[in-house]
Amino acid sequence: MDDATDNYGGLDPALADPRASRMSRRRLLQAMGAAGVAAAAVGAGVGAGATPAAAVPMQPFRPRGRLRRRPNFLIFMVDEMRHAPVYESVETRAWRARNLQAQNWLKSNALEFTNHHIMASACQPSRASIYTGQYPTLHGVSQTSGSAKSAIEEDLYWLQPGTVPTLGNYFRAAGYDTFWKGKWHISDGDIYQPGSYNPMPSYNQNSVRDPYLESIYVESGMLEQYGFTGWIGPEPHGSNPLNSGSSAPGGRGRDEVFAQWGIESLRQLRDSTKPWLLVNSFVNPHDITLWGDLSIAAGNFYLEQQLLGSDVPQNLFTPEYARSKNEDLSTKPTAQASFRDQYPTAFQPLRDTDRYERFYYQLQKNVDDQISKAIQTLVGNKEEYRDTIVVFLSAH
């Protein structure tokens, strides 16, 4: 972040510029090496409102001056958020500018990397790769728990402690205090209730936090071997609506709690004499996987209700998208038609694709709103804000 930026007390809508600066990693490192400074970075090409690089002039890199100490690092991670596609309509791009204020604000004060490619497309392998810097062939995490396999099955391979160092291990070795708040999904960190395979919750049946249960997770230190302190489970996966991002009854879910944990950590770290790394990891827009004819008919999840009063445009995409969406696959590799036809059978049918697509955009706003709360806490303290590098990325 740059000290020249005004409004430390909160997100200024005037700063939510949908345009983004672009700089290669090589150029960034050269600039940092020459100036001896650090920059806030928006990561992994998932920023809102992105347009082709040729259409946006490069914004100048503005150093903040030499850091007074080693910087803190705050990482915001979301799940299953894609880069803004080129076929978004004018209405959708305007919607992004109005509604994704956290992402737009970060981009207007940061650099965006658009040439990044994930090492694996599935959730667990991608997360393990991001935080170890290694391919699945080395770290061993090759599959994702879910409808096909549960977290406790022997042939589902998690990252094993003491095998491949993580970002947390490296930062701790460098003298940092390291914390993880929110979705982990790299090892099986859940605490199971005695005599069962049911993870112990950290909330009550109304999705309200239970301080005692949270303390059990914190004291157990389930991620200590991976270099992180303070993680609270359970992992937000499975069929329990309370483990969704925002699709529990009343629109509640884990993301609002994950934001609270991030905010509490930022406040506690204000007086820290050591540099710190904090990962604040969220679920959404992963709740898109819950949408389908069966889920809607069952009514267990708060799905359609999230579109009530939503200003997500009806006209999301340009005409080119419709032609691609309904493309004749008879001349394509048979795997494409097979996936299209078999997916509804293996999971659940999906007839209303228009609302499905609008729901995905609404979920992006939901998680952006939660991240905004944490950003407001960070920028509310000028000293902490000045010394903190912020990274935003999607798990896959």
Query raised in the report: PRO236 versus (1) within 24 Å of TYR212 (Cβ to Cβ); (2) at pLDDT 95 or above; (3) in a loop (DSSP other than H, G, I, E, B): which is the lone unmet condition?
Result: (2)
Query raised in the report: When segment 372-387 is examined, which residues are found to be among the small types (Gly, Ala, Ser), in a helix (DSSP H, G or I) and out of contact with any strand residue (DSSP E or B) (no Cβ under 7 Å at 6 or more places or on another chain)?
Result: SER372
Report summary line: The condition from (1) in contact with a helix residue (DSSP H, G or I) (Cβ under 6 Å, 6 or more places away or on another chain); (2) modelled with pLDDT of 95 or more that THR318 misses is numbered (1)
Query - Of all residues in segment 228-260 being hydrophobic (A, V, I, L, M, F, W, C) and over 15 Å from the mean Cα position of the chain (by Cα), the one that is surrounded by the most Cβ atoms within 10 Å (Cβ to Cβ) - result: PHE228
Report summary line: Among (1) at pLDDT 95 or above; (2) loosely packed, with under 15 Cβ neighbours inside 10 Å; (3) of a type in the set (D, E, K, R), ASP177 falls short only on (2)
Query raised in the report: Within the bounds of segment 191-199, is there any residue that is exposed (fewer than 14 other Cβ atoms within 10 Å of the Cβ), farther than 21 Å from ILE263 by Cβ and among the hydrophobic types (A, V, I, L, M, F, W, C)?
Result: no
Report summary line: If we keep only residues of segment 347-363 that are of a type in the set (A, V, I, L, M, F, W, C) and farther than 11 Å from GLN306 by Cβ, then the residue modelled with the lowest pLDDT is PHE347
Query - Residue that is surrounded by the fewest Cβ atoms within 10 Å (Cβ to Cβ) [pool: residues in segment 137-171 that are aromatic (Phe, Trp, Tyr) and closer than 26 Å to TYR197 by Cα] - result: TYR157
Report task. Select from segment 316-336 the residues that are among the charged types (D, E, K, R) and over 20 Å from GLU357 (Cβ atoms) and write down the one among them that is surrounded by the most Cβ atoms within 10 Å (Cβ to Cβ). Result -> LYS332
**Report entry** Conditions (1) more than 22 Å from TRP291 (Cβ to Cβ); (2) in contact with a helix residue (DSSP H, G or I) (Cβ under 9 Å, 6 or more places away or on another chain); (3) surrounded by fewer than 16 Cβ atoms within 10 Å (Cβ to Cβ); (4) not aromatic (Phe, Trp, Tyr): number failed by SER372
**Finding:** (3)
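Yes/no matrix, rows are residues, columns are (1) surrounded by 19 or more Cβ atoms within 10 Å (Cβ to Cβ); (2) of a type outside the set (Val, Ile, Thr):
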position	(1), (2)
ILE75	yes, no
HIS83	no, yes
GLU88	yes, yes
ARG93	no, yes
LEU100	yes, yes
LYS107	yes, yes
HIS116	no, yes
SER121	no, yes
Query raised in the report: Within the group THR163, THR114, THR178, which residue is out of contact with any strand residue (DSSP E or B) (no Cβ under 7 Å at 6 or more places or on another chain) and among the polar types (S, T, N, Q)?
Result: THR163
**Report entry** Hits in segment 312-371 (condition: assigned to a helix (DSSP H, G or I), in contact (Cβ under 8 Å) with a residue 12 or more places away in the chain, over 30 Å from ARG254 (Cβ atoms) and of a type in the set (Ser, Thr, Tyr))
**Finding:** TYR321, SER324
Requested in this report: With the checklist (1) in contact with an Asp or Glu (Cβ under 6 Å, 6 or more places away or on another chain); (2) hydrophobic (A, V, I, L, M, F, W, C); (3) closer than 30 Å to THR163 by Cα in hand, flag the one item LEU316 doesn't pass.
Outcome: (3)
Query - Among residues of segment 292-311, those that are part of a helix (DSSP H, G or I) and either in contact (Cβ under 8 Å) with a residue 60 or more places away in the chain or closer than 14 Å to TYR360 by Cα (or both), counted - result: 4
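The values are calculated or read from the model by the stated rules, or taken from the named source; none is laboratory data. As the structure is a prediction and not an experimental result, all values here were calculated from the model. For neighbour counting, all protein chains shown are included, and Cβ atoms are generated from backbone atoms with ideal geometry for every residue, glycine included.
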